[in-house]
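**Student:** Dumping the structure here so I can ask a few things about it.
A short reminder: the numbers here are calculations on the coordinates, not readings from a lab. Keep in mind that this is a model prediction, so the values were computed, not measured. No Cβ is skipped: glycine too gets one built from the backbone with ideal geometry, and neighbour counts run over all protein chains shown.
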Amino acid sequence: MNYLSPSEYESYGLESTTPAAWVAAASAVMDAHCRRATLGVAQYTERLRMVSGRNTTRLTYLPLTTVAPANSPVISARGRYSIPRRGEWPYEEMSASIAWAFGLPGLWNDLSVPDLDVSVDAGELSLPVNALGLAFSEIEVVYTAGLAALPNPVKVACAQIVRNAQSTPALNVRRGRLDRMYIDYFSDSLLDDTVRELLAPYVAQKVG
């Protein structure tokens, strides 16, 4: 996905004759830096370990985006319970035996998407509380995330990378096609402090 269209080149300080290959290469560098396939809307499947004693977790790719006709960015979710280690069960020990019998620890259980509390901006997912007190040890979530409309900082960053590439002697060559690996080799020099700051909100980060 190119993050600048030819009609936008001059508005962001690029010559109108800039080859589309430069923009494509800059966009690829941005994707690699942000650790995602695209900054646009895409579907992700993520398996997450739950912290003991908590029923909330944070998804990696932001912002969460609802794709019509869906009503939530979460498409599906499932979780599985685990048997708590000694000292982690907050209730009477007898109740634990009942919970194991009905909760079936270790098996995957489908979750109802409307029952999930989703924070679109923070990417935080809160799970429903099990009536027997069992907590999920692991969940798997299928969801959509990304930018439905590219904001100005993304376009500015793309144009800046192109300018950095054009001013780098080893890359300052007009050609119809640029090899991505060749561009990635120079990614440290192409991603200056300004670009990193502009892209900081979109870098995928796993939260332990």
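**Student:** Scan around GLU138 for amide H atoms under 5 Å from its own, H built in the peptide plane at 1.01 Å from N, and keep only partners 5 or more places away or cross-chain.
**Tutor:** Here MET50, ARG80 satisfy the definition.
**Student:** Here's something else I'd like to know. Could you sort the peptides 150-161, 59-70 by per-residue average Cβ neighbour count (10 Å cutoff), highest mean leading?
**Tutor:** 150-161, 59-70
**Student:** Beyond 18 Å, what percent of the Cα pairs of region 1-80 remain?
**Tutor:** Counting every Cα pair in region 1-80, those more than 18 Å apart make up 60 percent.
**Student:** Contour minus end-to-end for ASN71 and SER11, with contour as 0.36 nm per residue of separation and end-to-end as the Cα-Cα distance?
**Tutor:** That works out to 18.0 nm of additional length.
**Student:** In terms of modelled amide H atoms, which long-range or inter-chain residues lie less than 5 Å from the amide H of LEU111?
**Tutor:** Correct list: ALA77, ARG78, GLY79.
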